[in-house]
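Below is one structure, written out as structure tokens; comments come after it.
The values are calculated or read from the model by the stated rules, or taken from the named source; none is laboratory data. What you see is a predicted model, and the numbers here were worked out from it, not measured in a lab. All Cβ positions, even for glycine, are placed from backbone atoms using ideal geometry, and neighbour counts span all protein chains on display. These area figures cover heavy atoms from the full protein model, side chains too; ligands, DNA and RNA do not enter into them. Shrake-Rupley method; radii C 1.70, N 1.55, O 1.52, S 1.80 Å.
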Amino acid sequence: AAMVQKYQSPVRVYKHPFELIMAAYERRFPTCPLIPMFVASDTVNEYKSEDEAIHVIERRCKLDIDAPRLLKKIAGVDYVYFVQKNSLNRRERTLHIEAYNETFSNRVIINEHCSYTVHPDNEDWTCFEQSASLDIKSFFGFESTVEKIAMKQYTSNIKKGKEIIEYYLKQLEEEGITFVPRWTPPVACKSESSTSHPRRPVSPAINIPESATKEGLSNKEILNTSSSPSEPTAGTPDDKLDADYIKRYLGDLTPMQESCLIRLRQWLQETHKGKIPKDEHILRFLRARDFNIDKAREILCQSLTWRKQHQVDYILDTWNPPQVLQDYYAGGWHHHDKDGRPLYVLRLGQMDTKGLVRALGEEALLRYVLSINEEGLRRCEENTKVFGRPISSWTCLVDLEGLNMRHLWRPGVKALLRIIEVVEANYPETLGRLLILRAPRVFPVLWTLVSPFIDDNTRKKFLIYAGNDYQGPGGLLDYIDKEIIPDFLGGECMCEVPEGGLVPKSLYRTAEELENEDIKLWTETIYQSASVFKGAPHEVLIQIVDASSVITWDFDVCKGDIVFNIFHSKRAPQPPKKDSLGAHSITSPGGNNVQLIDKVWQLGRDYSMVESPLICKEGESVQGSHVTRWPGFYILQWKFHNMPACATTNLPRVDDVLASLQVSSHKCKVMYYTEVIGSEDFRGSMTSLESSHSGFSQLSAATTSSSQSHSSSMISR
């Protein structure tokens, strides 16, 4: 059986008295030109109280449902009958409408309830609400088709309801009727019994599915003539959402979307202990799950639990970011974009992500990013008030000028991925647009590592510009006013965002401080250590099947100086012999040291060098990548660095003599990590980048060019 579909409307406020609304409403019967599918209605039952305060009328309504001919044929009906019971109470000034289907009532159950009541804060206004449920038990195997038709008809009917009332109000006005007196109790002397009244077709209303009329009235706010509905919130009875408020603060939602919001909000009010999120935030979770109310509820509840555990509600008021962050985190809020969205500027290329992670650890960085997101929510709310329209997301401008291999330091990337994950889960639909500027050649590698963790919806909002393309057509000026383009991008606006720069090593935390942090464990598990001896380099084999894959590396030279090389060979090296450690096994207990290049191989004949040798000193950290031009075998090599003898005299230098006296100097130690990005992943991301901005194509050409040599590796000290 299909799910029961439910609908709950917001409160619609008519700024007219109940009696006038009733007069307009009654004109819908027995037929209504605005609802062509509403073919006829007959009164089946009627009751009036002695004093005429109560009037109950039951009608049988004949509908010509807009459904495929075939379906009507299978069902064997041309028309669908509904029963509608209207109970008007003139004393209380209420009208309650109940409707249900008579046709196919054993297969499909449709129930609807509508009410017109007096506005709690203004007795000259009227509130309208409606709710309904649709349960399709069986329908000749066409259950989902019927459900779609019913939902479509129903939502179009919801929109019509308001137009119809407004249409008849206007008609009344044209006839000079702008006031209908309220009901008053009858005077004692009775001239005649009320029953002898001829039965006139007085009738309140119907709200059963009607198809949209083709012309459709102009949906002008005929009623909302009030000068400015600045804070419609005031007019919401017992914390229900009203239609004007939704339009002003949350945006144009379809009836079903409004219904999901109202139901999820109601569920939270009934079940959630603690702070209920703001309506616009509930809406973000619904949007993130395409208004599937169960899925949205699940992620929203997880997020509420998370907020409570991490005290996120208090972060802006109680948390002071450490000074290091204030000095070296190169990001900040900067006015707003052309759509009125708050603008966040991040100079990622200038930011020493590695230094920040080493100085602060992942937790403090994450907390800082959360405080930025909380501030973003606050600014959206602020801008919604200022600009007079709903603004629920911000724009982020990321300047990559200066981005280099150091940004690929793996614990840094891992911290970034975790931050992305937490933000995606708890701040869905908050990123309106992401402008990535001055993307350098290393960017595709970083993008390939990061993009799988970014939600598809979010990824569609990325615009990427290489070099100075952002200054050209389709560039920054399309999204941001000229006056606020920051100085560092060639604009005139002084931008207060910190410059960033390298975090001094003196601020790094000590090994003891890192003890309890997860970063240490992680560094130990992901990196492998190797020993390098004079005459015995350490070599790692990487087999590449697809040309234009990307080999990335990240290593620290813990001890000694080394030379790093990368070679290519068409044939596989022999598996290393177990005794290759041989002579060194004593000095290197368990030290990882493997040679792959055969002694008889000649450089240039059996294998070739694909990057210039890189000399790395003790204590340095190197991150790099190589776009492979051919399939085959690639060998990464860390080799002992021999000090060159003094060129002028050819005599050994004093340093060298001293160094050679210390046995230990013949051993170096490296911690390394390598990863291959498959060509399909890498190229896939390249083409998707190209499609998001043409300028990227030059960039990708540059990335795959062979003249990369040094630029592919970067030493970060």
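Would you mention how many residues in region 435-466 are open to solvent by 70 Å² or more (accessible area, probe 1.4 Å) and among the hydroxyl-bearing types (Ser, Thr, Tyr)?
Number satisfying all stated conditions: 0.
Which of (1) modelled with pLDDT under 80; (2) open to solvent by less than 70 Å² (accessible area, probe 1.4 Å) does Trp319 not meet, given it meets every other one?
Evaluating Trp319 over (1) modelled with pLDDT under 80; (2) open to solvent by less than 70 Å² (accessible area, probe 1.4 Å) leaves (1) as the failure.
Name the one entry in Asp294, Asp279, Asp290 that is closer than 22 Å to Ile158 by Cβ and open to solvent by 30 Å² or more (accessible area, probe 1.4 Å).
Asp290
Test Ile246 against the stated conditions and say whether it is farther than 21 Å from Asn426 by Cα, buried (at least 17 other Cβ atoms within 10 Å of the Cβ), among the β-branched types (Val, Ile, Thr) and touching a helix residue (DSSP H, G or I) at 6+ places or on another chain (Cβ under 8 Å).
For Ile246, the condition - farther than 21 Å from Asn426 by Cα, buried (at least 17 other Cβ atoms within 10 Å of the Cβ), among the β-branched types (Val, Ile, Thr) and touching a helix residue (DSSP H, G or I) at 6+ places or on another chain (Cβ under 8 Å) - is met.
I want to confirm something. Restricting to region 526-542 and keeping residues that are farther than 14 Å from Glu675 by Cβ and surrounded by fewer than 17 Cβ atoms within 10 Å (Cβ to Cβ), which single residue is modelled with the highest pLDDT?
My answer is Leu541.
Could you count how many residues in region 467-489 are among the small types (Gly, Ala, Ser) and either modelled with pLDDT of 90 or more or surrounded by 15 or more Cβ atoms within 10 Å (Cβ to Cβ) (or both)?
Going through region 467-489 one residue at a time, the tally reaches 2.
Touching a residue at least 24 places away in the same chain (Cβ under 8 Å) and touching a His at 6+ places or on another chain (Cβ under 9 Å): is that true of Leu88 in this structure?
Taking the combined requirement at face value, the residue satisfies it.
Would you please list the contacts, defined by Cβ atoms under 7 Å and residues six or more apart or on different chains, that run from a residue in region 159-174 that is in contact (Cβ under 8 Å) with a residue 40 or more places away in the chain to a residue that is assigned to a helix (DSSP H, G or I) and β-branched (Val, Ile, Thr)?
Listed by first residue and then by second, the contacts come to Ile165/Ile21.
May I ask you to say which residue of Gln269, Gln257 is open to solvent by 70 Å² or more (accessible area, probe 1.4 Å) and of a type outside the set (Lys, Arg)?
Gln269
Kindly evaluate Lys354 against the criterion of being of a type in the set (D, E, K, R) and not in a helix (DSSP H, G or I).
no
Being surrounded by 17 or more Cβ atoms within 10 Å (Cβ to Cβ), outside the structural domain of Ile262 (by the TED database) and among the hydrophobic types (A, V, I, L, M, F, W, C) is the requirement here; does Leu63 meet it?
yes
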